[in-house]
């Protein structure tokens, strides 16, 4: 039952430079964690969604969390619609990165 709850969801963390620190969204995007650790999140994000992703991170810095609907490239290079919810990670008041939950969406 728990597996069904997370079947279409994933989670990842980014450092303050936008590099993957952890990645557990293989069921959605097809990438294994070791393929993305240390790489920039723009590797899986089409350029047209960069402004939406940056806005999500800016809103997450100002509030507790933020949500956006965007598309990612999966491992095969195909677009996958997703809803992403991000929160800023802080240490001693300084932004150290972001934690994001990704839920597989439907293409419009």
Item to check | Residue list for segment 88-102, restricted to those being part of a strand (DSSP E or B) and either buried (at least 17 other Cβ atoms within 10 Å of the Cβ) or free of Cβ contacts under 8 Å to residues at least 24 places away in the same chain (or both) | outcome: 88, 89, 90, 91, 94, 97, 98, 99, 100, 101, 102
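Go through segment 1-44 and give me each residue that's assigned to a loop (DSSP other than H, G, I, E, B) and either surrounded by 19 or more Cβ atoms within 10 Å (Cβ to Cβ) or at pLDDT below 90 (or both). Can you show your working first?
Step one: filter segment 1-44 for residues assigned to a loop (DSSP other than H, G, I, E, B), giving 1, 6-8, 16-18, 25, 30-32, 37-39, 44.
Hits for segment 1-44 are 1, 6, 7, 8, 25, 31, 44.
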Checklist outcome for this item: Inside segment 66-87, the number of residues satisfying the requirement of being under 13 Å from the mean Cα position of the chain (by Cα) and in a loop (DSSP other than H, G, I, E, B) is 1
Checklist entry - Which members of segment 9-23 meet the condition of being out of contact with any helix residue (DSSP H, G or I) (no Cβ under 8 Å at 6 or more places or on another chain) and free of Cβ contacts under 8 Å to residues at least 40 places away in the same chain? => result 17
Item to check | Count of residues meeting criterion [more than 18 Å from residue 89 (Cα to Cα) and either touching a helix residue (DSSP H, G or I) at 6+ places or on another chain (Cβ under 8 Å) or part of a helix (DSSP H, G or I) (or both)] in segment 45-58 | outcome: 7
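Please specify each residue of segment 59-71 satisfying the condition of being over 17 Å from residue 104 (Cβ atoms) and either in contact (Cβ under 8 Å) with a residue 40 or more places away in the chain or surrounded by 12 or more Cβ atoms within 10 Å (Cβ to Cβ) (or both).
Residues of segment 59-71 that are over 17 Å from residue 104 (Cβ atoms), as a first pass: 59-66.
Within segment 59-71, 59, 60, 61, 65, 66 meet the criteria.
The values are calculated or read from the model by the stated rules, or taken from the named source; none is laboratory data. Just so it is clear, the structure is predicted and the values come from calculations on it, not from any experiment. Every residue, glycine as well, gets a Cβ built from its backbone with ideal geometry; the counts of neighbours run over all protein chains shown.
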